[in-house]
Amino acid sequence: MMIDAEYEVARDLYTRGHLSQALPLLLKLANAGHSKSQHALGIMYGHGHGVERDREKALAYFTAAAEAGIMEAQYNLAIMRHNGLGREKDYEAAAKWFTAAAEAGNIDALFDLGAMHRQGRGFPASMQIALQYFQRAAEAGEPRAQYSLGLVYLRGDGGIKRDVVLAEKWARRAAEQGNPAGECLLGLMYATGEGGRKDMKLALDWYLRAAEHGDSHAQYTVGWLLINGEGVKADRERALPWLRKARDQGHQDAVNLLQQLRID
């Protein structure tokens, strides 16, 4: 109980931004084997909060906390092993810890497991298994998984039967949560008429939402639609700021279009 009380003091100090005061308490507790303190130190060293960033130390603290069953540490450790932070990439280790986190209820880990099965990282590639993980995560409200389901059903990837009704359903769920990829996918479906309804005004509306969320492809698409009057009223004045935003993010089609228009 004393250790837990000390941890609450350290957590309160950390939350209020008194990192230099929280650090010695967390180090003391972590050295005594307190797993929540180990996880907190993993975050501090991983992000450089109150200490010099040290990903090797972050990895060590996350490992200790993950092995003690801290779900958040299991997920953070999986991310580090997947991305090669603090040590070389190890997809099998990432798969192990994503699985542990998912079994403990981490929804993000379900999505990541789906992505790993789709890509064949840490597991044999299988779109069927990936789809199962995406489905579980999507039903729990994870917008990246909802987008991924929408895309898989729209394209019929990996032997999955194409289903534009399901594609539109999941694209819309992701889009309504403000996921830029979902907003773009829904915009594309309205632009092409996939799902049974072609509506360029709605397409532009969804691309605009994604553009406002910083998606460079959406910014370019909005600019292109408004320059060309593709199913919407041409509006060069509205178009150019979006093309510039896309260009400034390195979108090559936007660079090329602005050069064709002789716009700086």
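Each value in this text was obtained by applying a stated rule to the coordinates, not by laboratory testing. The structure presented is a predicted model; accordingly, all values stated were derived computationally and were not measured. Counting neighbours? That spans all protein chains shown, and the Cβs are built from the backbone with ideal geometry, glycine included.
At-a-glance table
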| quantity | calculated |
| --- | --- |
| Residue range of the chain that is longest and free of trypsin sites (Lys or Arg not before Pro) which are both DSSP loop and sparsely packed (at most 10 other C-beta within 10 Å) | 17-160 |
| Out-of-range pairs (alpha-carbon distance over 25 Å; input K161/K201; K28/K96; K169/K245; K198/K245; K169/K233; K28/K57) | K161/K201; K28/K96; K169/K245; K198/K245; K169/K233 |
| Karplus (6.51, -1.76, 1.60) ³J(HN,Hα), θ = phi - 60°, over region 104-113, in Hz, Gly and Pro reported as x | 8, x, 7, 6, 4, 5, 4, 4, 5, 5 |
| Contact order relative to length of region 1-105, as percent, for alpha carbon pairs under 8 angstrom and 6 or more apart | 16 |
| Of the GluC sites (Glu not before Pro) in region 86-155, those whose Cβ has at most 12 other Cβ within 10 Å and which sit in DSSP loop | E88 |
